[in-house]
1. Given H placed on each backbone N at 1.01 Å, which residues far from Gly190 in sequence or on other chains put an amide H within less than 5 Å of it?
2. Given H placed on each backbone N at 1.01 Å, which residues far from Thr359 in sequence or on other chains put an amide H within less than 5 Å of it?
3. Cβ neighbours within 10 Å, averaged per peptide: list 388-399, 229-240 in order, most packed at the top.
4. Per residue of the range 48-65, in order, report the coupling 6.51 cos²θ - 1.76 cosθ + 1.60 (Karplus, θ = phi - 60°) as ³J(HN,Hα) in whole Hz, putting x for Gly and Pro.
5. For Val271, enumerate residues with amide H under 5 Å from its amide H, sequence gap 5+ or separate chain, H modeled in the peptide plane.
6. Residue by residue through the range 132-146, what is 3J(HN,Hα) from phi via Karplus (6.51 cos²θ - 1.76 cosθ + 1.60, θ = phi - 60°)? Round to whole Hz and write x for glycine and proline.
7. Taking the alpha-carbon centroid of each part, what is the distance from the range 350-386 to the range 44-103 in angstrom?
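None of the figures in this text is laboratory data; all of them are computed from the coordinates on show. Owing to the predicted nature of the structure, the values given are computational and were not obtained by experimental measurement. Every residue, glycine as well, gets a Cβ built from its backbone with ideal geometry; the counts of neighbours run over all protein chains shown.
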Amino acid sequence: MNRFWGFGLVLVSGVLIGAQVAMADGFVATGNMPFARSRGTATLLPSGKVLIAGGADINGAPLDSAALYDPATGVFTPSQSHMLTPRADHVAVLLQNGKVLIAGDGNIFAAAIGIPPTKAEIYDPATDQFTATGSMLEERRAPGATLLPDGTVLFVGGSGCCLYSEIFVMPNGLGSTEIYDPTTGVFSPGGHLAAPREHPAIAPLADGTVLVTGGSWNYISQIGSTLILDTHVNDSAETYLYPSGGFHLTNGPMGGARTGHVAVRLQDDSVLVAYAAYDPSNYYLTTLPTNVEDFDAITGLFASATSPPAIDRTLFNQSVLLNNGSVLMAGGVQTNATGTPNVASADLYVPGLHAFVPTNAPMTVARASHTLTKLADGRVLVTGGLDAANNPLASAEIYDPNMITDEIFKNGFDPALLAAANTERQAPRSTCADLQAPIWKPDLGMSHEWYDRASGRICRSSGL
């Protein structure tokens, strides 16, 4: 069903704005992948095709298979070669030369049992072949990774080996980082984080600075003769300074601890951080804040979402910045879910409105641990993941934001129209200067935070 919002005052998820909007966005099925998989990677190549690499099968075993998706035909074709190493929970980064660096995997116990570190590998689209490159300094599962302006690749945190005790041998968050140089094929130390960070969320900014948020690490405590494995989830954030290097804590923590969340740089160079807040009293199974960050560097003002998404997602959701400046958030594990927690719902976060708008239709199936990849034409490819029964999926689908017919939403958000919005329905705004001691209040049900590059602080809105 299409939504048509008329001229004048328009109701968008309970928020009145002055605009004319007609939306008919949604998801449509495309071809199936050759193999079902979750926890794989999907990388847009210079040709416009998408490389699908690795992932986990129905037994959780890592895969070495790869495939290419052609948006022109909607067909997946198996790669002529396999990866050199089966991988899941790895990362894939498009290099400046058009090749793809693939590194990291779930075999973080290799060094502990005498197995040499896993070599990273390079995919060359010109030959459709994988070749070995240097080895990472440490085995890393699900690290943060991003391309730096000089063509090198920064790897941050992730899970490594090991936390030992008489009864525990567990992976643990890494506080180390490393940098890959594609001209030499060598990984070198990149400096130490302020805290170990398993499942961090990172966002590269326009000047090469990288914001690193959240993540977790394990520790063992003892009560009497009982050993207890526990997890610490970080509320801290820090920046990697480019080109000088080095990590520095932001001047204030985030409003709440979170791990396995997402961080997306918006068109104005602010950073959106969403979902996966952590409640130490009940882990993820409680009503958690929906963490939304949107700092306006031009006005210095902060705005929170005027309406929450229909479903609060915790882990394994995916997000991607669309050409119109909004952020698509799709799938994941639902907060407070009973039965089958993986969801098919999707929302758009609209920075100019500080609001979530549900997509016209959900994904065709529930997905968690899937991939979202923006195609060259602005559409989004969704692949694989785990369905509602936690089985890996071979299916894929396309989200088409071009079906949003109004030019205001399609090509950007008109500041004049936003200024004419019904401000009484907007959430309160505050500057960082007003928030000397940001406090996380889970009982509010929503928290909204912004990374202020000018002050280096994580700021929180004054209310909902």
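1. HN-HN under 5 Å from Gly190: Thr177, Glu178, Ile179.
2. Here the answer is Ala346, Asp347, Leu348, since their amide H atoms fall under 5 Å of that of Thr359.
3. 229-240, 388-399
4. Whole-Hz 3J(HN,Hα) from phi for the range 48-65: x, 7, 10, 8, 9, 9, x, x, 10, 8, 5, 9, x, 6, x, 10, 10, 7.
5. Result for Val271 returns Leu266, Phe295, Tyr451.
6. Going residue by residue, I get 6, 10, x, 8, 5, 5, 9, 5, 9, 9, 6, x, x, 8, 8 Hz, with x marking Gly and Pro.
7. Taking the Cα centre of the range 44-103 as reference, the centre of the range 350-386 is 19 Å away.
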